[in-house]
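Structure first, commentary second.
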Amino acid sequence: MPSRPATRALALAGSLGAAGAVAGTGALTTPRSIRWYRSLDKPWWTPPEAAFGPVWSVLYAAQAVSAWLVWREDDDRDRVDVPALSSYTVMLGLNLAWTLLFFGLRRPALALVDCCVLWLAIAVTMREFARRHRFAAALLLPSLCWVSLATVLNATIWWRNR
């Protein structure tokens, strides 16, 4: 049986791997739609394309560490906080769904609905994580801010291109 530090290291690697899989799947969808995205009428305050990859990489890493911190707290108590980790899983799924809806299917209206639900899922996950580990919840604040911007941007793009 692996030692507790080894188990924790494997869990962190697994958490980073899960977030990386979501990010990687989304990244595979985006290149096929880059010409379409560039053709859209976007507001002047749209972040530069080059910012999206690095920002999402940092956000996914912070999300993975956040989930790992909550799991680690569960490990210390010998029980798993199902609502907290379930809300995190839903959050990851909604992150992936947004990319697939917006870039894969080129459906900004559906992506906007997903983005709104994603914002709520992040807020719920922050609340759930805060019950176990305040820093883990704080690590999700940049995601909430970025998704707030993304929601307004998504809505603006949908409105201008409908």
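The values are calculated or read from the model by the stated rules, or taken from the named source; none is laboratory data. Model, not experiment: these values are computed from the prediction. Ideal geometry is used to build each Cβ from the backbone, glycine not excepted, and the neighbour counts take in all protein chains shown.
Please enumerate the residues belonging to the range 129-143 that are assigned to a helix (DSSP H, G or I) and either β-branched (Val, Ile, Thr) or surrounded by 22 or more Cβ atoms within 10 Å (Cβ to Cβ) (or both).
129, 136, 143
Can you report the number of residues in the range 56-96 which are more than 20 Å from residue 126 (Cα to Cα) and modelled with pLDDT of 95 or more?
Qualifying residue count, the range 56-96: 0.
Here are some residues: 99, 156, 89. Which one is β-branched (Val, Ile, Thr) and over 17 Å from residue 47 (Cβ atoms)?
It is 89.
Tell me, which residue of the range 107-118 that is buried (at least 18 other Cβ atoms within 10 Å of the Cβ) and under 22 Å from residue 62 (Cβ atoms) is farthest from the chain's Cα centre (by Cα)? Break it down into steps so the answer makes sense when it comes.
Initially, the range 107-118 is screened for residues buried (at least 18 other Cβ atoms within 10 Å of the Cβ), giving 108, 111-112, 114-115, 118.
Still in the list and also under 22 Å from residue 62 (Cβ atoms): 114-115, 118.
Working: 114: 12, 115: 10, 118: 8 Å.
The extreme case among them is 114.
Provide a single number: the residues in the range 144-162 that are surrounded by 15 or more Cβ atoms within 10 Å (Cβ to Cβ), more than 16 Å from the chain's Cα centre (by Cα) and among the aliphatic types (A, V, I, L, M).
3
Can you list the helices (runs of 4 or more DSSP H) found entirely within the range 14-104 that contain at least 1 residues being in contact with a Pro (Cβ under 8 Å, 6 or more places away or on another chain), of a type outside the set (Ser, Thr, Tyr) and surrounded by fewer than 16 Cβ atoms within 10 Å (Cβ to Cβ)?
So the answer is 49-77.
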